[in-house]
Amino acid sequence: MPLINTVDAGSILLQATQGEAFAQIQNDALLSSSLWVNIALAGVSILLFVYMGRNVTSDRARFIWAATLLIPLVSISSYLGLLSGLTVGFIEMPAGHALAGEEVMSQWGRYLTWALSTPMILLALGLLADVDRSSLFTVITADIGMCVTGLAAALITSSYLFRWLFYAVSCAFFVVVLYALLTEWPTAAADAGTGEIFGTLRVLTVVLWLGYPIIWAVGVEGLALVQSVGVTSWGYSALDILAKYVFAFLLLRWVAANERTVATTQREPSTGSAPADD
Amino acid sequence: MPLINTVDAGSILLQATQGEAFAQIQNDALLSSSLWVNIALAGVSILLFVYMGRNVTSDRARFIWAATLLIPLVSISSYLGLLSGLTVGFIEMPAGHALAGEEVMSQWGRYLTWALSTPMILLALGLLADVDRSSLFTVITADIGMCVTGLAAALITSSYLFRWLFYAVSCAFFVVVLYALLTEWPTAAADAGTGEIFGTLRVLTVVLWLGYPIIWAVGVEGLALVQSVGVTSWGYSALDILAKYVFAFLLLRWVAANERTVATTQREPSTGSAPADD
Amino acid sequence: MPLINTVDAGSILLQATQGEAFAQIQNDALLSSSLWVNIALAGVSILLFVYMGRNVTSDRARFIWAATLLIPLVSISSYLGLLSGLTVGFIEMPAGHALAGEEVMSQWGRYLTWALSTPMILLALGLLADVDRSSLFTVITADIGMCVTGLAAALITSSYLFRWLFYAVSCAFFVVVLYALLTEWPTAAADAGTGEIFGTLRVLTVVLWLGYPIIWAVGVEGLALVQSVGVTSWGYSALDILAKYVFAFLLLRWVAANERTVATTQREPSTGSAPADD
């Protein structure tokens with residue numbers, strides 16, 4: 001009898017958090033609009049990208065197109081998780097934080113889904129630059145490490161110091177990603193004849209991705225210079241719109257218009273004309 | 001003193017759910033048989049597959065064999081998780097659901113482990129068809145997206161609408177997988193000389209995989225036309241038996257009998273005789 | 001009003017576990033030293049490895065170097081998670097266990113982060129031996145399966161039998177990894193001209209990795225022959241030091257000194273001299 005009561009209490013507690021977050025988001029116009037706008041734009045992007053890819057026929061171009069199409073699909077999943085309250089929680093900030101002892105709404109689901117969506121962006125960039133598969137794997141792993149340690153930083157309630165230690169480790173993983181984007185991949189892209197569009201998308205990605213740790217640092221989860229959950233959420237949402245849908249649109253438009261360039265840049269055949277062991 | 005009490009209460013609550021689920025499954029013969037039968041068949045499959053692979057010597061055939069062997073290994077882990085109560089929970093259905101307000105046992109671990117086992121099936125199919133690595137990566141990512149959003153759909157308790165929104169997104173990911181299986185990969189398989197067995201396994205996979213969203217829709221988690229957790233669980237278990245062990249058996253039997261065909265279908269050497277940039 | 005109270009209670013419960021674990025670790029010198037020593041060594045390793053890689057220029061050597069650099073980066077994240085209490089919990093052991101009914105501190109985060117760090121080790125070994133990408137994928141998947149089922153074994157509180165069933169499945173995945181390391185990969189390494197260093201690292205990896213299941217079996221989570229959480233933690237930490245930092249140092253020192261060998265061992269060009277379809 002006491003066991004059953006305990007179980008009921010446990011499941012009620014956990015599910016109340018989800019229902020409570022759902023209700024709180026619904027009642028905050030600024031916060032809920034920051035989420036709905038991304039669901040709407042991700043939906044439009046999916047339809048638009050399917051339409052843009054209708055005439056792409058070559059294998060390699062179709063792969064880039066498919067990888068790019070996954071970006072808004074993962075994004076719409078992420079924002080549905082936030083809006084439903086499933087991937088949102090209430091965090092009591094530790095001593096030392098500007099909001100110490102207060103309950104702050106944490107959109108921890110963002111970090112989790114970035115671990116799935118940002119690898120797609122890197123995959124699309126890597127395919128465009130025709131980089132080695134090992135390089136792609138290493139960069140994507142560092143990228144996932146960046147997202148997972150960002151998630152840890154957001155969830156720490158025991159110590160203010162450890163929130164920033166995780167932030168520092170997340171930035172170290174980011175440096176590995178930046179290193180590849182800034183030094184190795186441009187060379188590969190130039191060899192593949194995709195240097196120009198890669199250059200554009202690389203600048204877009206590097207500049208926008210630098211925005212995420214800055215928002216974390218000044219937002220409610222970091223120094224709390226901005227204490228509004230809605231404004232912080234809009235910051236992330238605006239970056240997502242540019243780094244995901246605009247990025248993907250530019251990439252797909254170029255692929256559709258330059259299918260021949262993409263099709264002839266296949267890694268395997270090129271080894272015949274440029275062996276590495278001579 | 002109050003802190004310690006609170007901690008004890010917290011861990012007791014969380015662990016009581018696991019123990020309670022374990023006891024409830026043990027006492028439901030229909031439900032527990034749907035899980036034990038898969039553990040038994042997965043165990044038999046592992047032994048059988050190790051035996052079937054004893055004479056496979058070529059590199060490529062051994063890789064297909066190893067990927068296929070992982071399917072029952074992941075499956076046995078999944079069903080042990082369900083039986084132990086570790087990956088089972090009690091969900092209070094939201095307003096609008098046929099069982100609104102009632103506690104329903106959710107086997108959420110199924111969705112989590114499908115995210116690991118279904119990629120193995122796609123990997124085996126992709127290796128058989130000798131598809132491009134990028135295509136494989138994209139399809140597997142879409143497949144993982146399908147499983148993770150299915151997990152989200154199962155866990156939503158705040159809103160009936162959001163359960164079905166996640167269901168829709170999961171189906172959208174499924175469409176990406178179906179697209180590859182139905183249009184791109186058959187061409188690659190024909191080129192690789194594995195068209196016939198690929199065709200058989202593709203039909204098996206497409207037909208059976210369509211069964212999972214149908215069971216979700218009519219079962220306790222969706223429209224609840226079937227309200228028995230045991231019957232719903234048997235539905236999934238029966239599909240798993242066909243889509244995993246029978247699939248893997250057919251594949252391995254063919255690989256063992258046609259090792260020469262598999263061995264000579266290697267991607268890299270073929271680029272010499274059929275360059276893509278001519 | 002009761003809803004709000006329930007939510008507060010829920011989040012307080014969950015966060016109290018983290019704070020409690022943080023405090024308990026801080027007050028146990030043996031336990032906290034086993035974690036801090038790894039953070040210190042991982043930090044030193046990161047700086048040392050960046051320095052060692054300064055003159056590595058060839059593509060392939062740089063990829064091995066980057067994959068190796070990720071090992072201490074993932075490790076430092078893992079130990080920060082343990083020290084902060086985020087990935088530590090209190091488990092009430094089931095009937096049959098030597099500590100049945102007692103609350104035991106479980107460092108479950110170790111299993112979770114091994115799922116990210118051990119694939120990096122296998123990736124570095126696989127790149128060194130120049131194995132086929134499919135083989136690498138299969139072995140890494142088995143390795144992740146090993147870590148995830150180890151996590152499940154650690155979290156089971158409903159049944160002593162199921163703890164050991166998961167342990168057995170985890171060992172089965174380990175056998176797949178061992179099979180590749182002992183029979184397939186050495187052949188590939190010999191062909192790639194990296195047989196000697198691969199042999200050294202393989203022995204190091206196989207011997208040390210066998211230590212983890214042994215510690216689990218005799219430590220607090222298994223037979224509890226050793227009942228000290230601190231001693232068990234030091235066991236894992238000592239293995240991590242040898243299997244991660246020493247392993248990575250030996251690998252990088254060899255790569256830096258033998259860059260020419262590594263650079264000329266590229267999979268694609270070699271297909272010209274040794275076609276598989278003749």
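The values are calculated or read from the model by the stated rules, or taken from the named source; none is laboratory data. If you're wondering where the values come from, they're calculated on a predicted model, not measured in any experiment. As a convention, Cβ positions derive from the backbone with ideal geometry for all residues, glycine included, and neighbour counts pool all protein chains shown.
Just a few scattered comments:
- Selection status of residue B:223, more than 18 Å from the chain's Cα centre (by Cα) and surrounded by fewer than 21 Cβ atoms within 10 Å (Cβ to Cβ): yes
- A single member of B:152, B:124, B:98 is under 25 Å from residue A:85 (Cβ atoms) and surrounded by 24 or more Cβ atoms within 10 Å (Cβ to Cβ), and it is B:152.
- Those residues of the stretch B:34-87 which are under 21 Å from residue B:110 (Cβ atoms), outside any helix (DSSP H, G or I) and out of contact with any Gly (no Cβ under 6 Å at 6 or more places or on another chain), in sequence order: B:84, B:85, B:86
- Scanning the stretch A:160-172 for residues being within 16 Å of residue C:79 (Cα to Cα) and surrounded by fewer than 23 Cβ atoms within 10 Å (Cβ to Cβ) gives a total of 7.
- Residue check, residue B:68 crowded, with 17+ Cβ neighbours inside 10 Å, among the β-branched types (Val, Ile, Thr), without any contact (Cβ under 8 Å) to a residue 40 or more places away in the chain and touching a helix residue (DSSP H, G or I) at 6+ places or on another chain (Cβ under 8 Å): no
- All positions within the stretch C:128-163 that are among the β-branched types (Val, Ile, Thr) and in contact (Cβ under 8 Å) with a residue 40 or more places away in the chain: C:131, C:138, C:139, C:156, C:157
- Unique residue being under 24 Å from residue B:42 (Cβ atoms) and touching a strand residue (DSSP E or B) at 6+ places or on another chain (Cβ under 6 Å) when the list is C:217, C:154: C:154
Conditions tested, residue by residue: (1) assigned to a helix (DSSP H, G or I); (2) small (Gly, Ala, Ser).
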residue	(1), (2)
B:170	yes, yes
B:189	yes, yes
B:204	yes, no
B:212	yes, no
B:216	yes, no
B:223	no, no
B:231	yes, no
B:241	yes, no
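- Just so you know, in the stretch B:88-123 the residues that are assigned to a loop (DSSP other than H, G, I, E, B) and under 15 Å from the mean Cα position of the chain (by Cα) include one that is nearest to the other protein chains (Cβ to nearest Cβ), and it is B:108.
- Test: residue in the stretch B:106-127 that is without any contact (Cβ under 8 Å) to a residue 60 or more places away in the chain and over 27 Å from residue B:246 (Cβ atoms): no
- Count of residues meeting criterion [under 19 Å from the mean Cα position of the chain (by Cα) and either under 13 Å from residue B:185 (Cα atoms) or within 7 Å of chain A (Cβ to nearest Cβ) (or both)] in the stretch B:149-158: 3
- Within the stretch B:175-192, tally of residues that are of a type in the set (Phe, Trp, Tyr) and buried (at least 21 other Cβ atoms within 10 Å of the Cβ): 1
- Residues of the stretch A:191-202 classified as in a helix (DSSP H, G or I), touching a residue at least 60 places away in the same chain (Cβ under 8 Å) and not basic (Lys, Arg), total: 5
- Number of positions in the stretch A:72-94 that are of a type in the set (A, V, I, L, M, F, W, C) and over 20 Å from residue A:150 (Cα atoms): 4
- For residue A:195, the criteria (1) crowded, with 22+ Cβ neighbours inside 10 Å; (2) farther than 19 Å from residue A:118 by Cα hold in every case but one, which is (1).
- Taking the stretch C:165-184 as the range and being more than 9 Å from chain B (Cβ to nearest Cβ) and in contact (Cβ under 8 Å) with a residue 40 or more places away in the chain as the test, the residues that pass are C:167, C:171, C:177, C:181.
- Sole residue being closer than 27 Å to residue B:134 by Cβ and modelled with pLDDT under 90, chosen from A:257, A:190: A:257
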